[in-house]
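The values are calculated or read from the model by the stated rules, or taken from the named source; none is laboratory data. If you're wondering where the values come from, they're calculated on a predicted model, not measured in any experiment. Counting neighbours? That spans all protein chains shown, and the Cβs are built from the backbone with ideal geometry, glycine included. The area values use the complete protein model at the heavy-atom level, side chains included, leaving out ligands, DNA and RNA. Shrake-Rupley method; radii C 1.70, N 1.55, O 1.52, S 1.80 Å.
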Amino acid sequence: MNTRLSLNALLFTALMTAPGRSQAPPAPKPNPQAPTLNMLVPVGMQRGGKLELSLTGANLSTPTGFWTSFPAKVTIPTDNNNGNDAGKLRVQLDVPKDAPLGFHSVRLTTTRGMSNLRLFCIDDLPQVMEVDTNHAKTSPQSVPVPSVVVGRADAEMSDWFKIAAKAGQRISFEILGRRLGSGLDPQLTLFDARTGREMPAGHSNDAPGLQTDPRLTYTFKEAGDYLIEVRDVMYRGGGDFWYRLRIGDFPCATTPLPMAAKRGSKLKVSFAGPTVEGVAPVDVAVPNDPAIDTVWVTPKGVNGLSGWPVALAVSDLDEVMEQEPNNEPAKANRIAIPCGVTGRFLEKGDIDHYVFAAKKGQRLLIDGHTHDLYSPTEVYMVLRDTKGTQVAASNPAQGARIDFNPPADGDYTLAVEHLHYWGGPAETYRITVTPYEPGFDLSVGLERWDVAPGGFVSIPITAIRRDYAGPIEVSVTGHPGLTGQVTIPTGQPAQPNQPAATLLLSAKPDVEMGPYQLRVEGKATINGKIVTRYASVQAAVSQALANLSYPPRDLAHGVAVAVTEKPPFMLAAKFDQPEGLRGGPVSVTITAARAPGFADEITIAAGNLPANVTAVVKNIPKEKSEVKVQLTPAANAALGQFPISFTGKAKHQNKDFTVASYPTPLVLVNPFELTVAPAPLKLTPGGKGKLTVTAARKAGYQGPINVELRNLPANVTAAKATIAMGQTVVEMEVMAAENAVVGEKGDVNVLGIAMAAGNQQVASANFTVGVAKK
């Protein structure tokens, strides 16, 4: 039995079934009025051409923009009532010849909001659309070589295609299906058209590194016609089961070599994969932009055909390549700290060694990166000291990581091998060795938001801290008309899996309707160094792409925002008093700024009320612009500041509008605060003293306040007193009996009771009352 595999399975099961296992906070839900896009038809195009896309979905009418991550001239035709059908829309694209190849993304905006994300491919192969008559082996669709075929899998059916191959011709076949966010789990099989028999080694299901998509390269011995069968492995199909079948003698790269490059550097990038022989390295200039974490690099064959681009990670580390031979500890590659190193297992059982110098007590993180860089490799690592004694190893159940605190100064040798002892041209990996540093990560649970001109939207921000408890400054970047900032306070989030703060993203009144791309940036000063992190939306992107495990890396931090139609009214809320008391009414004035021509009733609702606070709301009547709303905090409501927002709903010109007021703080306070003078108070046995108790009245409370001294020293007394209605001061006489014990007592305080505010009790700060010898 493979002990590594059994350990992996056991620990995975234990983690998944452990009591109290943490859960992610519930993700925000998209605006139900925003457009929803089905997969695009077609799901890509050849660069340097024009294409009319037929969008289908829901809420597609009144479009305001079609956003693309690639350069394109976008036109939304207005003929034939286009733009008025909620279920379909035509969009025309004109893409330049130098548009970057690979995965891209698109979104539609309407007057009501931002659509879900859809992937779109830019290719240099001529594009062919599947026909409806190719579902039988006897009636295949003839397609040219090279080409890319756009097809859709139907339930219980296969798609059949026919190609003509020359004797000795090498042709690669690759399906982009699951990687497109399609529900399809594709497989492809080659057949001899003359005999109908499956070609030897002519089948592919899950190709290494392609997230269950297939790919194979075949050299045809004889000239003739050959068939390609494409289907879902479970014979499923439907509207979201689209795919792209690439056919041609193009390179089949899996990852670049190296797999990462330092920000701002220039280098030559080679390729790893099953068919990359003779592919020339590509010159790459890595951007300096800290917001860019991926550069897509395209391999090109000697015949000029391009393979599918691979992801080069952008790093802040010095990056190096493994140097063979290093299969023995004595031949280990020496690396510096910090650094990243790219290696590969070309043969089964290959073990690569790296040696580095470490200092005692310098905590190091050694991480293996594979799947997140689209490599199929599973890495296992062992760390040994100069005597060859194992001092640490990665745990397969917890990923390829070693968290190491060196017990002594000296050299340490890292052995890296494949968890399953595999090897081959696609088995690449990247290792990083970095000193541990405190820090944080941010995430946003939804990758698309909507905001009206002059309005705002609340975006919950989740934070994960690593030995840093200080403040984090969060802001949005990307367009001057869209702003927002919030400080995550020290120690937040107070509870696991709860938002650390809410960012209010505001749109200036003059921002035009349409799509915008933003980032949420967090900054903190940690150990004297400014640390910047961009909030991740990867979980939301993965969900938008049918739970694709590893979406294109460059989508991980982009937040899409639609500036919607300006509503016919805006709301503002203002508390009539700056502070409120528990147990009594708190009045709020809701004001509507109406646009000319809008006079209808506005339905008001109170949102995000704190616990034990209720609201009695009234609608703003037709042709009126103001209404009073009453909040009632219960006697057990918490004290503090609580941002309250009110929403208004109305119909105008047959459209429903929902508008929220900018949050305004509900401030709940005690009815008064007490101070005492003199403090400390000194007495002698048989003596007297006077204390002046002063009440700072809050929230308009003017009622009487009964006061009494508590925790006095033994045989020291004081009569109760009352601060009269509307007054702030009372004197209290304190008497020490002859037998009062000499000494000091430091926990004396004055308790005040608000007689006209539900007998709420408030104590002064503790002070000292002392009895000294005569």
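Quote the charge dipole size of segment 543-683 about the Cα centre in Debye, to the nearest 20; the model charges only the Cβ of Lys and Arg (+1) and of Asp and Glu (-1). Intermediate values should be presented prior to the final figure.
On the way: 13 positive and 10 negative charges, 17 e Å.
Its charge dipole is roughly 80 debye.
Which Cα, out of Met735, His652, Leu674, lies furthest along the positive dipole direction of segment 601-758 (beta carbon charges, K/R +1, D/E -1)?
His652
Please state the equivalent ellipsoid semi-axes for segment 582-741: what are the square roots of 5 times the Cα gyration tensor eigenvalues, largest first, in whole Å?
Details: eigenvalues 571, 37, 23 Å².
Its equivalent ellipsoid spans semi-axes of 53, 14, 11 Å.
For Lys268, list the lysines whose Cα falls under 21 Å from its own Cα; do not include residues on the same chain fewer than 8 positions away.
Cα-Cα hits under 21 Å: Lys300.
Name the long-range amide H neighbours of Ala272: under 5 Å, sequence gap of 5 or more, or other chain; modelled H, no Pro or chain starts.
Thr254, Thr255, Leu257
What does the C-alpha gyration tensor say about the overall shape of the chain? Classify as rounded when a/c is under 1.5, otherwise prolate if a/b is larger than b/c, or oblate. Let's see the in-between values first.
Working: a/c = 3.24, a/b = 1.63, b/c = 1.98.
Oblate shape, in that a/c is at least 1.5 and b/c is the bigger or equal ratio.
Segment 475-597: D in µm²/s via Stokes-Einstein (Kirkwood Rh, Cα pairs, 37 °C, 0.692 mPa s)?
On the way: Rh = 18.4 Å.
Here the translational diffusion coefficient equals 178 µm²/s.
Run lengths n ≥ 4 of DSSP H only: what is the helix-derived mean residue ellipticity at 222 nm for the chain, with -39500 (n - 2.57) per run over all residues, to the nearest 500? Before the final figure, lay out each step's value.
On the way: 2 runs with 22 residues, N = 774.
Roughly -1000 deg cm²/dmol at 222 nm, from the helical runs in the chain.
When the dipole is taken about the Cα centre of segment 421-563, and only Lys, Arg (+1) and Asp, Glu (-1) are charged at their Cβ, what size is it in debye, to the nearest 20? Each step should come with its number before you reach the end.
On the way: 10 positive and 11 negative charges, 48 e Å.
Computed about the Cα centre, the dipole is about 220 debye.
Place +1 on the Cβ of every Lys and Arg and -1 on the Cβ of every Asp and Glu in the chain, take the dipole about the Cα centre, and give the residue among Val563, Leu101, Leu548 whose Cα lies farthest towards its positive end.
Checking the options against the dipole of the chain, the answer is Val563.
Output the relative contact order of segment 704-774, whole-number percent, from Cα pairs under 8 angstrom with separation of 6+ residues.
Details: 140 pairs, mean separation 24.5, N = 71.
Answer for segment 704-774 is 35 percent.
Can you give the FRET efficiency for Glu512 and Thr664, using 1/(1 + (r/R0)^6), R0 = 25 Å, r = Cβ-Cβ distance, to the nearest 0.05? Could you put the intermediate results ahead of the total?
Working: r = 28 Å, r/R0 = 1.13.
That pair, Glu512 with Thr664, gives E of 0.35.
Once you order the gyration tensor axes a ≥ b ≥ c over the Cα atoms, which shape class does segment 446-503 get: rounded for a/c under 1.5, otherwise prolate or oblate by comparing a/b with b/c? Numbers along the way, then the final one.
Details: a/c = 2.71, a/b = 1.97, b/c = 1.38.
Since a/c reaches 1.5 and a/b is larger than b/c, the shape of segment 446-503 is classed as prolate.
With a ≥ b ≥ c the root eigenvalues of the C-alpha gyration tensor of segment 161-256, is it rounded (a/c under 1.5), prolate (a/b larger than b/c) or oblate?
On the way: a/c = 2.25, a/b = 1.44, b/c = 1.57.
Judged from the Cα gyration tensor, segment 161-256 comes out oblate (a/c at least 1.5, b/c at or above a/b).
Quote the charge dipole size of segment 341-426 about the Cα centre in Debye, to the nearest 20; the model charges only the Cβ of Lys and Arg (+1) and of Asp and Glu (-1).
Working: 8 positive and 11 negative charges, 49 e Å.
Charge dipole, segment 341-426, about its Cα centre: 240 debye, nearest 20.
How much length is gained on full extension from Thr532 to Ala737, taking 0.36 nm per residue of separation minus their Cα-Cα distance? Don't skip to the end; give the middle numbers.
On the way: separation 205, 0.36 × 205 = 73.80 nm, distance 6.55 nm.
Gain on extension, Thr532 to Ala737, equals 67.3 nm.
I'd like the accessible area for Tyr421: 1.4 Å probe, protein heavy atoms, all chains in place, Å² to the nearest 10.
My reading of the accessible area for Tyr421 is about 110 Å².
So which lysines pass the test for Lys529, namely a Cα distance under 26 Å, with those fewer than 8 places away in the same chain ruled out?
Lys262, Lys359, Lys360
Amide H of Gln485: which non-local residues (sequence gap of 5 or more, or other chain) have their own amide H closer than 5 Å, using H built in the peptide plane?
Answer set, sorted by chain and number: Leu504.
By how many degrees, 0 to 90 and rounded to 10, does the Cα axis of helix 3-17 deviate from the longest principal axis of the chain?
Once rounded, the angle reads 40 degrees.
Put +1 on the Cβ of every Lys and Arg and -1 on every Asp and Glu Cβ in the chain; which of Gly202, Ser443, Val750 then has its Cα farthest towards the positive end of the dipole?
Val750
Name the lysines eligible as straight-distance cross-link partners of Lys745: C-alpha to C-alpha under 25 Å, and not fewer than 8 places from it in the same chain.
The reachable lysines, counting only those whose Cα sits under 25 Å from Lys745, are Lys682, Lys688, Lys690, Lys720, Lys773, Lys774.
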